[in-house]
Ligand SMILES: Cc1cc2nc3c(=O)[nH]c(=O)nc-3n(C[C@H](O)[C@H](O)[C@H](O)COP(=O)(O)OP(=O)(O)OC[C@H]3O[C@@H](n4cnc5c(N)ncnc54)[C@H](O)[C@@H]3O)c2cc1C
Ligand SMILES: Cc1cc2nc3c(=O)[nH]c(=O)nc-3n(C[C@H](O)[C@H](O)[C@H](O)COP(=O)(O)OP(=O)(O)OC[C@H]3O[C@@H](n4cnc5c(N)ncnc54)[C@H](O)[C@@H]3O)c2cc1C
Ligand code: SF4
Ligand code: SF4
Ligand code: FES
């Protein structure tokens with residue numbers, strides 16, 4: 001079950017897995033995610049369904065190594081299996097079927113962006129893609145994105161490739177140059193989404209963001225994933241993860257994501273000390 | 001020699017020791033204690049106690065076997081009507097059920113039926129060996145949704161009748177609340193696993209990590225050839241108070257708190273990967289079993305001060321009597337007639353306290369309990385660094401919203417008749433999903449009734 005059919009290094013810290021999951025592939029829609037566990041004592045972590053193939057019964061996951069579970073996940077090889085995999089979770093994205101949409105990603109946010117861009121592009125929407133990363137080594141999935149984009153803009157924080165600066169800066173430039181968009185989809189780290197939302201707010205330009213709060217069950221049972229959107233508390237796992245970016249309380253979301261920082265370091269350290277993670 | 005009017009006490013781990021660990025508080029009767037307590041039962045010809053039990057355990061019969069020293073046999077008698085006796089013996093609110101009606105209760109203390117049930121079930125589990133028997137299989141394929149007490153019971157009863165049963169569970173481990181909610185120190189997970197394995201040994205297939213309504217719909221199940229479906233999906237949706245500050249770092253729902261601690265074993269962090277914030281002053285808002293479990297977990301995780309904040313008085317607290325008593329011995333503080341108004345935080349967004357108001361009891365409300373009303377001007381600040389909201393739960397809407405023809409109450413409960421049949425032909429439901437948060441044994445009773453009705457239905461096909 002949940003066997004890894006393909007594993008690819010997109011960069012030192014970003015990996016791609018194609019996993020057997022026929023039931024999930026059958027039902028998956030762009031915007032949805034899964035929760036997985038790697039080992040018996042392991043945490044449940046959410047990852048976006050970056051792509052799915054209903055015929056082969058497979059889903060694609062793209063993740064960045066940030067802590068213990070993603071590090072353990074990165075050690076699995078083709079032929080290995082995930083211990084647990086459940087989904088598809090969350091609401092499918094509400095995507096327009098015509099017009100012109102800016103699809104913007106920062107860092108590994110390109111993984112959750114890809115299925116949306118693909119669906120838009122296949123529906124005949126003009127897809128203007130802006131993807132950025134710290135440096136060019138971290139710009140991933142550019143070929144895949146290129147295949148589903150009408151226009152591509154690459155950005156790096158250090159200027160090692162493309163536009164020198166943040167994706168929000170590039171978006172501002174395009175808007176200043178008179179480009180028109182019907183909607184914007186922006187996915188990446190919270191500061192990147194917040195910056196993008198601030199660019200589009202004065203124009204009243206509808207901007208979807210995909211939130212990544214801490215989750216446990218992913219079915220609405222625990223409330224760990226609660227986020228403030230407008231005046232309402234929403235559970236990102238069932239009401240989201242995509243929300244109207246202009247209504248999201250980013251400060252709260254950032255604060256809540258930091259909740260376990262000391263513990264996360266401790267668990268990584270503890271595992272390494274016991275040789276739980278090999279550095280072959 | 002006159003008969004004793006008092007029941008024998010349950011040996012427990014001393015309170016000062018047990019707050020340092022997550023091991024079981026109750027140690028269980030020894031054979032001598034069990035014999036002595038069993039002999040108190042006068043073997044009524046028309047046993048009242050049995051009427052008080054939602055699954056009608058053959059109480060005098062199993063107790064008689066304990067008197068005879070036939071402990072494993074006593075356990076087997078339990079299993080004739082109760083597939084999960086080691087669990088019920090531990091967590092049933094017996095004082096409200098079987099023991100409430102025991103005849104000895106009129107003049108003294110009732111027979112300690114729950115403690116005896118636990119003893120016999122444990123003996124059977126440890127010494128009983130394999131009970132699997134070949135069962136003739138019958139045509140009929142049933143899907144059970146949810147593996148809590150309702151689903152487990154329905155699955156077991158249908159498997160015993162020879163039907164082909166598959167149980168679907170959303171989480172990575174079966175057992176429902178028994179696994180993710182009720183803590184290890186009250187119900188060891190090893191026991192839940194053994195009881196689940198017993199159900200599986202009857203021939204039930206378990207599919208974990210499948211969410212009905214997401215991974216598969218009810219329509220898919222019928223398309224796959226299932227002829228009947230039982231929904232034992234529980235009441236897993238947490239309520240919050242909707243007061244300011246509830247999204248601060250350090251505010252948990254009881255569900256999250258308990259799931260991290262029990263299912264994900266955060267008490268054993270970092271050996272297990274999932275963390276929880278232990279807190280040194282923990283306030284748990286609520287007065288039921290869930291609140292009691294949450295606050296006792298907090299104490300064991302190291303909180304110096306662990307308190308219950310409850311808006312009614314001690315009398316109205318719905319928690320099991322034994323748990324409240326145990327909590328008191330463990331140094332839990334009880335702030336009765338107190339209601340939080342808002343959660344306060346520091347500039348980094350972490351909880352620092354709760355503003356509360358004192359309450360008094362007014363006229364009885366719809367539930368017959370006296371309604372708590374705030375005393376104006378009695379606001380005060382309680383310093384806390386972790387707040388846990390144990391305010392009750394409601395059914396998860398995932399199944400109802402993805403299934404056509406399934407009627408629900410306004411509060412989310414599935415509508416079902418007395419056999420558990422819903423408004424959708426071929427679909428039954430039972431347990432917390434229908435009643436709202438209730439008890440393990442009531443959920444099992446509902447699972448049993450539905451199994452009977454489903455069996456009849458399958459015969460007619
Ligand atoms: C709906 C959703 C979709 C996501 N999709 C992707 C994706 O496609 N690719 C990807 O690389 N990452 C994705 N993430 C983030 C990913 O879940 C976290 O990186 C992962 O949980 C980190 O686990 P860890 O044990 O390796 O790190 P940890 O040591 O646990 O944490 C490191 C960092 O990850 C955050 N984090 C920790 N636990 C969780 C959790 N349970 N849920 C969310 N964040 C957490 C922490 O705030 C911290 O900043 C998604 C998150 C959500 C909620
Ligand atoms: C902390 C706590 C302490 C308690 N203490 C006691 C006690 O001491 N004594 C007592 O008698 N009762 C107690 N209760 C109440 C008792 O546990 C419940 O009444 C009982 O578990 C209800 O059983 P159930 O089978 O209806 O649902 P649950 O036990 O809730 O099981 C439902 C199962 O269905 C699964 N599920 C839900 N939706 C889906 C879906 N769409 N697809 C697949 N699977 C799904 C869930 O993951 C879960 O495993 C307590 C409850 C809690 C939370
Ligand atoms: S199952 Fe519960 S109610 Fe029934 S006899 Fe046992 S303890 Fe009493
Ligand atoms: S009512 Fe009490 S004394 Fe009578 S059979 Fe039941 S347990 Fe025994
Ligand atoms: S992750 Fe538990 S409710 Fe969303």
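Quick note: the coordinates plus some simple rules give every number you see, no bench work behind them. This is a predicted model, so every value here is computed, not measured. Because the Cβ atoms are built from the backbone with ideal geometry, glycine has one as well, and the counts that use them run over all protein chains shown.
Summary table below
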item: Estimated FRET transfer efficiency (residue B:314, residue B:409; beta-carbon r; R0 25 Å; 0.05); result: 0.25
item: Segment B:345-452, Cα convex hull volume normalised per residue, Å³; result: 172 Å³
item: Dmax and Rg, reported as Rg then Dmax, of segment B:186-313 (C-alpha, Å); result: 18.7, 56
item: Calculated FRET value between residue B:36 and residue B:223, using beta carbons and R₀ = 56 Å, to 0.05; result: 0.45
item: Computed [θ] at 222 nm, helices only, for chain A once each DSSP H run of length n ≥ 4 contributes -39500 (n - 2.57); result: -7500 deg cm²/dmol
item: Rough spin-label spacing in nm, given labels placed 7 Å along Cα→Cβ, for residue B:126 and residue A:94; result: 6.0 nm
item: Chain A: most fluctuating residue of A:166, A:235, A:181 per GNM, C-alpha cutoff 10 Å; result: A:181
item: Nitroxide proxy distance, nm - points 7 Å out along Cα→Cβ at residue B:23 and residue A:232; result: 4.9 nm
item: Segment A:38-196: proportion of alpha-carbon pairs further apart than 24 angstrom, %; result: 38 percent
item: Ascending count of other beta-carbon atoms within 10 Å, so fewest first, for A:27, B:448; result: A:27, B:448
item: For residues of A:102-113, the mean tally of beta carbons on other chains within 10 Å; result: 0
item: Radius of gyration, Dmax [the protein assembly as shown; alpha carbons; angstrom]; result: 27.7, 101
item: Ellipsoid semi-axes in whole angstrom, largest first, where each is sqrt(5λ) of the Cα gyration tensor of chain B; result: 35, 30, 21
item: Share of Cα-Cα pairs in segment A:134-222 lying beyond 22 Å, as whole percent; result: 36 percent
item: Cβ-based exposure ranking for A:138, B:231, in which fewest neighbours within 10 Å come first; result: A:138, B:231
item: Gain in span if fully extended, residue B:197 to residue B:361, counting 0.36 nm per residue against the direct Cα distance; result: 54.3 nm
item: Percent breakdown of C-alpha pair distances by 10 Å bin, ordered from the shortest bin, for segment A:130-280; result: 10, 30, 31, 23, 5, 1
item: Directionally averaged shadow of segment A:200-259, computed from the convex hull of its alpha-carbon atoms, nm²; result: 4.0 nm²
item: For segment B:110-266, the spread of Cα positions along each principal axis, largest first, Å; result: 59, 47, 30
item: Shape metrics for chain A, restricted to C-alpha atoms - Rg then Dmax, Å; result: 18.2, 57
item: Cα convex hull volume per residue for segment B:15-127 (Å³); result: 113 Å³
item: Relative exposure of A:114, B:71, judged by other C-beta atoms within 10 Å (fewest first); result: B:71, A:114
item: Two-site label geometry, residue B:101 and residue B:378: point separation in nm, points 7 Å out along Cα→Cβ; result: 3.9 nm
item: Two-decimal log10 I(q)/I(0) for segment B:240-391, as the Debye equation yields it once each C-alpha is a single scatterer, q = 0.15 Å⁻¹; result: -0.75
